[in-house]
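What follows is one structure encoded as structure tokens, with my remarks underneath.
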Amino acid sequence: MAHVNRVLRSINDEDATRCVDIFLRPEGSIGFEEFRRDVEDGRGWFPIGGHSSRVFHEESAALAAAMADVPWLRRAVDRPGRPE
């Protein structure tokens, strides 16, 4: 069986070149990771934060930690009309 995390929430920066995913692991713990992509590079998103091994028991705790550790994230969450 493949180890597949399920994304609970994905938040993009204003330029949609960085995002933070809050995810649920198969065993039930929660985590988050920061990703980036270069628009001219069609290979997709690359993890850059080194946060994916951190373990949380609630989505809200993972989001709070991500907002504390990812500088642009608070602006993105507070941005009016931002897409989820």
Just to check I understand the Karplus step: with θ = phi - 60° and J = 6.51 cos²θ - 1.76 cosθ + 1.60, what whole-Hz values come out for the stretch 40-56, glycine and proline as x? 7, 9, x, 7, x, 8, 10, x, 10, x, x, 9, 5, 8, 5, 10, 10
Within the chain, which trypsin sites (Lys or Arg not before Pro) sit in a loop by DSSP and count at most 10 neighbouring Cβ atoms inside 10 Å? R43
Using just the helices of the chain, give the 222 nm mean residue ellipticity in deg cm²/dmol: DSSP H runs with n ≥ 4 each add -39,500 (n - 2.57), and the total is spread over all residues, rounded to 500. -5500 deg cm²/dmol
Roughly speaking, to the nearest percent, how much of the chain's 1.4 Å accessible area is carbon and sulfur? 51
Interchain or long-range residues, amide H under 5 Å from L8's placed H: I22, F23, L24
For the stretch 25-35, in residue order, the Karplus 3J(HN,Hα) values (coefficients 6.51, -1.76, 1.60; θ = phi - 60°; whole Hz; Gly and Pro = x) are 7, x, 7, x, 7, 10, x, 8, 8, 9, 10
Only four residue types carry charge here, +1 at the Cβ of Lys and Arg and -1 at the Cβ of Asp and Glu. Report the dipole size of the chain about the Cα centre in Debye, rounded to the nearest 20. 100
Set Lys and Arg Cβ to +1 and Asp and Glu Cβ to -1, take the dipole of the stretch 15-84 about its Cα centre, and tell me which of H57, W45, M67 lies farthest positive. M67
Pop out the Kirkwood hydrodynamic radius of the chain from its pairwise C-alpha distances, inverse of mean 1/r, in Å to one decimal. 13.2
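The values are calculated or read from the model by the stated rules, or taken from the named source; none is laboratory data. All values reported here derive from a predicted model rather than from experimental measurement. Ideal geometry is used to build each Cβ from the backbone, glycine not excepted, and the neighbour counts take in all protein chains shown. Each accessible area value is taken on the protein alone, full model and side chains, heavy atoms only, with ligands, DNA and RNA left out. Shrake-Rupley method; radii C 1.70, N 1.55, O 1.52, S 1.80 Å.
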